[in-house]
Amino acid sequence: MRSRFQQDLELLKGKLLAMGGMAEHAVELAVRAYRDRNLAMCQEVLNGEHHINLAERQIDELAFDLLAMQQPMAVDLRFILAVIKINADLERVGDQAVNIAQRVMEIATLPLVDLPADVPKMAAAATDMVRRALEAFISANADEAQRILEMDDVVDQMNRDIFVAMEKAMCGSSNHTRQALDIIIIARNLERVADHATNIAEDVIFWTRGADVRHHFQG
């Protein structure tokens, strides 16, 4: 029975990593669509949302079954609880990708304007956080997870910089208002992706150390 339980835990981990790959890909695809003004890529992001939502439900069902049938203790219990929370954050990363794609679909209808917003750079930083958070989860590396928490400030600053730049662009020309507002929303969604990566890192620390580091609380 214990061997089967461990196999189920590995299955749960594998499904979560696959889910993470889908969510990360969705964000990257949405940002490529922004860069290329590519409506087909936007539609691909929207179509992929169903698969991410389905994966979320399957992971939750397996996790809840393990909780109900195996009654795990200590570190295994924390692992399953962490998976449930990480699963929810990854689903929300997918939601952010959909939000970005929807904004890009509007931008694509507007005249091409060169606005001072490095969205791809911000997206690279945010998705790197997600990737590294999942790697910390794979390796049960709380130290790496702790470093991810410190990366969030960088993405927050990028978000503020884009907001200020777009505010100036709107003041300079009313013709830029709609596109600048869309970029502000896209940056906000990327900032939320980084927030979800931070949540994942916190859950890795909770699982491996039994410490609650949310809101800088050490338990």
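Any read-out appearing in this document is the output of simple, stated calculations on the displayed coordinates, not a laboratory observation. From a predicted model like this one, the values you see are computed outputs, not experimental measurements. We place every Cβ from the backbone using ideal geometry, glycine too, and count neighbours over all the protein chains shown.
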Taking the stretch 11-44 and keeping only residues that are in contact with a Leu (Cβ under 8 Å, 6 or more places away or on another chain), small (Gly, Ala, Ser) and within 30 Å of Leu112 (Cα to Cα), one is left with Ala23, Ala33
Does Asp153 fit the bill of being at negative phi, within 19 Å of the chain's Cα centre (by Cα) and not hydroxyl-bearing (Ser, Thr, Tyr)? yes
Is it the case that some residue within the stretch 49-64 is in a loop (DSSP other than H, G, I, E, B), in contact (Cβ under 8 Å) with a residue 40 or more places away in the chain and touching a helix residue (DSSP H, G or I) at 6+ places or on another chain (Cβ under 9 Å)? no
Where Ala108 falls short, out of the listed (1) crowded, with 18+ Cβ neighbours inside 10 Å; (2) among the small types (Gly, Ala, Ser); (3) more than 27 Å from Arg57 (Cα to Cα): (1)
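When you look at Glu202, is it among the acidic types (Asp, Glu), within 25 Å of Gly21 (Cα to Cα) and crowded, with 20+ Cβ neighbours inside 10 Å, yes or no?
yes
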Breaking point among (1) small (Gly, Ala, Ser); (2) surrounded by 20 or more Cβ atoms within 10 Å (Cβ to Cβ); (3) more than 15 Å from the chain's Cα centre (by Cα), for Ala165: (2)
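Results for (1) without any contact (Cβ under 8 Å) to a residue 12 or more places away in the chain; (2) within 24 Å of Ser3 (Cα to Cα); (3) exposed (fewer than 15 other Cβ atoms within 10 Å of the Cβ), shown as yes or no for each residue.
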| site | (1), (2), (3) |
| --- | --- |
| Asp76 | no, yes, no |
| Ile84 | no, yes, no |
| Asp89 | no, no, no |
| Asp95 | no, no, no |
| Ile100 | no, no, no |
| Met122 | no, no, no |
| Phe137 | no, yes, no |
| Ala142 | no, no, no |
| Arg160 | yes, no, yes |
